[in-house]
Amino acid sequence: LGSFRLGELAALVGGEVVGDPERRVEAVRPLDVAGPADLSFLTHPRYREQAEASRAGALLLAEDARGLASAADLLVCPDPYHALSRILDHVHPRPAVTPGIHPTAVIGEGCTIDPSASVGPYAVLGEECTVGPGAVIGPHVCLGPRCSVGAGATLHAHAVLYDRVTVGAGTVVHSGAVLGADGFGYATHGGAQVKVPQVGTVTLEEEVEIGANSAVDRATFETTRIGRGSKLDNLVQVGHNVQIGRDCLLCGQSGIAGSARIGDRVVFAGQAGAAGHLTVGDDVQVAAQAAVLGSVESGRVGGAPAVDLASWRRQVVALHKLPEALRRLSRLEKELARLREREAGTRATGVETD
Amino acid sequence: LGSFRLGELAALVGGEVVGDPERRVEAVRPLDVAGPADLSFLTHPRYREQAEASRAGALLLAEDARGLASAADLLVCPDPYHALSRILDHVHPRPAVTPGIHPTAVIGEGCTIDPSASVGPYAVLGEECTVGPGAVIGPHVCLGPRCSVGAGATLHAHAVLYDRVTVGAGTVVHSGAVLGADGFGYATHGGAQVKVPQVGTVTLEEEVEIGANSAVDRATFETTRIGRGSKLDNLVQVGHNVQIGRDCLLCGQSGIAGSARIGDRVVFAGQAGAAGHLTVGDDVQVAAQAAVLGSVESGRVGGAPAVDLASWRRQVVALHKLPEALRRLSRLEKELARLREREAGTRATGVETD
Amino acid sequence: LGSFRLGELAALVGGEVVGDPERRVEAVRPLDVAGPADLSFLTHPRYREQAEASRAGALLLAEDARGLASAADLLVCPDPYHALSRILDHVHPRPAVTPGIHPTAVIGEGCTIDPSASVGPYAVLGEECTVGPGAVIGPHVCLGPRCSVGAGATLHAHAVLYDRVTVGAGTVVHSGAVLGADGFGYATHGGAQVKVPQVGTVTLEEEVEIGANSAVDRATFETTRIGRGSKLDNLVQVGHNVQIGRDCLLCGQSGIAGSARIGDRVVFAGQAGAAGHLTVGDDVQVAAQAAVLGSVESGRVGGAPAVDLASWRRQVVALHKLPEALRRLSRLEKELARLREREAGTRATGVETD
């Protein structure tokens, strides 16, 4: 790593230095471990006290944190988390790709591999694959026949693509991810499960990211599709025929069942799921562990089965009160029974009965 | 792909042509993309309108859809989804297996590999493994010592078998699946977790299918068993000592904890789970995200903890009404308190008190 | 396997023989399959009847089962499950490690590999990795640059470590586990997800175990840490920056979201999850499928969102009664309405109105 002027970093992210723009920064580190040679950052108000106690030489923060009680030089910008992303790219540039095909790689007939691409040790490419400029095929990656890997895409060690899978430019596939395995389709016939051949494939558009050990199944026909800029975390399951829009976030261990259609900018939090053959509209946010069992047009949902988030929260609060409410209900019934008896007595005798 | 007479396909599936049996079909495609040279299919009434609007030259459908308003030639049969499966097998035959052992494969001492089997690049077989006729060992597959792979079985790229695992004839294991890793068994002793050696193994019977990145743990003793014809989707977890019957379906991200016994034809929907040391009877169906925490003899269950499906649905409806019900309860209490006060006043004075 | 004197096994685990200490044991097997040459075991009272019916020649059991009706020779000890673990280690010793580097392994520049370590076929080690004495690097394992694998650690076939990951002494990583893939960090900017570079790494301390196909993400900065003796089951997700203490158990398919801090001896049952940026105290036990959405100091929790276990159980019972309770509530409202009408009549006329 090198050393960077704070003023240079401010120019990079369109921010303003409050303090000394000549301050040298050698690394970016969290508040609790940063020292005088480090830039640290305050991206959430919950960490304000920690920021004031930090020994960091410089602090990246938002406009509304400008008044922080700190001796650090400040880098003020409108969106410090986004700025952090850009500064990290600048301070920790990705290692340069070493072009070329490792001698142990097995390359099928008819493959077209750009000379600027890198193919690692023990990679196995089926026939007629295409690998674009600057793409990186990591060690032990397997591509089935007729796969296409776009420019600048990265397949990390041990990623597996079945046949005919398309990976868009700039897309990243992490280790252990499996793209294009058979969809889970069986016709139950006489009590047995008869496999429905899955003759489609998988398409990842540009700038997609697929987490470690996630699985995206091939379509029964045509293609399962993950739209441009969508990001899948680790251990995510995407069933056959699913269509996912752009700029979605699918957090760890979430799952989308077959033939569901997910809009743009949709977020599934951790361990959430959607049933098959439904539609989730643009910008919908699904809470952790929620089960989306019917189509959702918009808004935020939670619970299993998922309902709108405000309803779910009311249900959770109400459920917490339920055991006591049942006792209150029993008391009411007893009281009312007593009233009824008394009333019956009054009606029968015209006087109080006890 | 070739071209097929509709009459030929009807004979294959025992169906009836309504229209021209000489109609040529080149591919099978979904309703919305099929054209005049394609066979499409209507396997669920929800798609009837789409079927009527389809440009497909031929349509596969059930008896009760015979009256469809369509110019297409019809292939009518009792179970169109099952027929679809058979037609796809006919139209898209599996690529022939190229027998032989890739020169880069590492074969342990004492292995017996049928000459008609295929062993891919970089496969590693431990000592004394057996591979049956027509079996396919994909690239990068690892077999521990003394594994057995049955006739016609397929282990896709990057499948991993620990030692002594048995894979039945015709069974398919998808990429990244791990069979026979140690079960999760520890004796807590003085606050620390002491590993209990897992000296059993795993048996997959015939015609089983294991999805991508699923894990089936070896037994502590004896064997974890998946019964004939059962199908596991992706990212499914099967704990040590589990016994799964025949023709079960375990959907994506479902999990069965250690020592559970699952009957025949059981279905676990996505993200559902079963606790350890319990029994699930034949034909039980477990809803998505349900948590089976006790034994279930029969029927359908849902919820966490799982109860019979009708009860769960009633609970879900009731929970939705609960926040309002709590308000109703409070109103009742107030009214009753007022009545009680009034009654007390009446009894005390003999007249109305307000 | 050899043959062992019961007295020798008793000495090993500090137990007492009731019966013949010269009894020979050839294998350890479960109650239902053990025969006269086997040692079996009773580690849970639920299996007492099975133990009495067992044909095992010898039985390992706890003090309070000493009175068992059985002709077997007994090995009585305070903690039979822990004793079982030690006896299995004795009877089934781990296969000896064959030191050396397989000729097909690709070793980066500047690696330091202890001569007593084993590196399997097709392993790929990046530059400047360190492998300690007696460590086992299985076939197809990939290590990124500058990884460190401690003495006696085992990386099973197809484990993947990204760069700079540290694996402590005696730690076991099962097949398909991925350590150090990028954390799931994006800055949403203008509707798009901008990747926040993940420049930290992962540290597994000593005697950790990571299950098959689990994923532990690298930290954004610094390190994601799994404390000494903690065990992760299969398909477990650990997000970036997470800190897990010592001797924890994370069961199958559980997940810990980013930046959460988990104490010592914490248990997450199957499919449970914790949200990010929270703290879970020492000895907390989280029930299956529970969703920990806020910090928990101590005790046992269940439900989604998780509450203390006793409350959750009361909620479950109450929810079961809820549909009927709603009917009771409606009846009460009707009765009260009738009373009110009657009362109104009484007040208006001074006499009964019906």
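The values are calculated or read from the model by the stated rules, or taken from the named source; none is laboratory data. Because the structure is a prediction, the values reported are computed rather than measured. Neighbour counts are summed over all protein chains in view; Cβ atoms, including those assigned to glycine, are modelled from backbone coordinates with ideal geometry.
What are the residues in the stretch A:232-260 that are in a strand (DSSP E or B) and crowded, with 23+ Cβ neighbours inside 10 Å, if any? Within the stretch A:232-260, A:Leu232, A:Gln237, A:Val238, A:Ile244, A:Leu250, A:Gly255, A:Ile256 meet the criteria. Selection over the stretch B:21-51 of residues that are touching a Leu at 6+ places or on another chain (Cβ under 9 Å) and either exposed (fewer than 14 other Cβ atoms within 10 Å of the Cβ) or not acidic (Asp, Glu) (or both) gives a count of 19. Of the set (1) more than 30 Å from B:Val141 (Cβ to Cβ); (2) free of Cβ contacts under 8 Å to residues at least 24 places away in the same chain; (3) part of a loop (DSSP other than H, G, I, E, B), all apply to A:Asp89 but (3). Residues A:Ala306, A:Ala275: which one is more than 9 Å from every other protein chain (Cβ to nearest Cβ), surrounded by 20 or more Cβ atoms within 10 Å (Cβ to Cβ) and either touching a Leu at 6+ places or on another chain (Cβ under 9 Å) or under 27 Å from C:Gly239 (Cβ atoms) (or both)? A:Ala306 is the lone residue from the list that is more than 9 Å from every other protein chain (Cβ to nearest Cβ), surrounded by 20 or more Cβ atoms within 10 Å (Cβ to Cβ) and either touching a Leu at 6+ places or on another chain (Cβ under 9 Å) or under 27 Å from C:Gly239 (Cβ atoms) (or both). Listed by position, the strands (runs of 3 or more DSSP E) contained in the stretch B:32-82 that have at least 1 residues being out of contact with any helix residue (DSSP H, G or I) (no Cβ under 6 Å at 6 or more places or on another chain) and within 13 Å of chain A (Cβ to nearest Cβ) are B:38-41.
With the structure loaded, tell me whether C:Val316 is part of a strand (DSSP E or B) and aliphatic (A, V, I, L, M) or whether it fails that test. Spelling it out, it is not the case that C:Val316 is part of a strand (DSSP E or B) and aliphatic (A, V, I, L, M). The residues of the stretch A:313-330 that are surrounded by 19 or more Cβ atoms within 10 Å (Cβ to Cβ) and within 24 Å of B:Ala287 (Cα to Cα), listed by number, are A:Gln315, A:Val316, A:Leu319. Of all residues in the stretch C:60-86, those satisfying the criterion of being touching a Lys or Arg at 6+ places or on another chain (Cβ under 8 Å), free of Cβ contacts under 8 Å to residues at least 40 places away in the same chain and of a type in the set (A, V, I, L, M, F, W, C) are C:Ala65, C:Leu68. Out of B:Gly263, B:Gly345, B:Gly299, one residue alone is modelled with pLDDT of 95 or more, more than 10 Å from every other protein chain (Cβ to nearest Cβ) and surrounded by fewer than 18 Cβ atoms within 10 Å (Cβ to Cβ). It is B:Gly299.
A Cβ distance below 9 Å, combined with a sequence gap of six or more or placement on separate chains, defines the contacts here; from the stretch C:291-309, residues that are more than 19 Å from C:Cys251 (Cβ to Cβ) reach residues that are part of a strand (DSSP E or B) and among the polar types (S, T, N, Q) in the pairs C:Ser295/C:Thr279; C:Glu297/C:Thr279. Yes or no: the stretch C:331-340 includes at least one residue that is among the acidic types (Asp, Glu) and more than 9 Å from every other protein chain (Cβ to nearest Cβ). Checked the stretch C:331-340: no residue is among the acidic types (Asp, Glu) and more than 9 Å from every other protein chain (Cβ to nearest Cβ). Candidates are the residues of the stretch C:210-259 that are of a type in the set (Ser, Thr, Tyr) and either within 20 Å of C:Thr166 (Cβ to Cβ) or touching a helix residue (DSSP H, G or I) at 6+ places or on another chain (Cβ under 7 Å) (or both); the one that is farthest from the other protein chains (Cβ to nearest Cβ) is C:Thr224.
Against the test of being surrounded by fewer than 24 Cβ atoms within 10 Å (Cβ to Cβ) and at pLDDT below 95, the options C:Gly126, C:Gly191 yield a single qualifying residue, C:Gly191.
For the stretch C:106-115, check the following and say yes or no: at least one residue is within 14 Å of chain B (Cβ to nearest Cβ), surrounded by fewer than 21 Cβ atoms within 10 Å (Cβ to Cβ) and closer than 25 Å to B:His189 by Cα. Checking the stretch C:106-115: not a single residue is within 14 Å of chain B (Cβ to nearest Cβ), surrounded by fewer than 21 Cβ atoms within 10 Å (Cβ to Cβ) and closer than 25 Å to B:His189 by Cα.
Evaluated against (1) more than 7 Å from chain B (Cβ to nearest Cβ); (2) part of a strand (DSSP E or B), A:Ala187 falls short on exactly one condition, (1).
For the condition at pLDDT 95 or above, more than 16 Å from A:Val292 (Cα to Cα) and part of a loop (DSSP other than H, G, I, E, B), A:Thr220 qualifies. Counting only residues that are away from every other protein chain (no Cβ under 14 Å) and surrounded by fewer than 24 Cβ atoms within 10 Å (Cβ to Cβ), the stretch A:132-171 holds 9 of them.
If you check C:Arg23 against the conditions, is it of a type in the set (Lys, Arg), in contact (Cβ under 8 Å) with a residue 24 or more places away in the chain and closer than 25 Å to B:Gln193 by Cβ? No, not satisfied. The one condition from (1) without any contact (Cβ under 8 Å) to a residue 60 or more places away in the chain; (2) within 14 Å of chain A (Cβ to nearest Cβ); (3) of a type outside the set (A, V, I, L, M, F, W, C); (4) over 18 Å from B:Val292 (Cβ atoms) that B:Lys195 does not meet is (2). Please work out which residue is farthest from C:Ser54 (Cα to Cα), limiting yourself to the stretch C:83-100 and to residues that are away from every other protein chain (no Cβ under 14 Å) and at pLDDT 95 or above. Within the stretch C:83-100, the match that is farthest from C:Ser54 (Cα to Cα) is C:Gly100.
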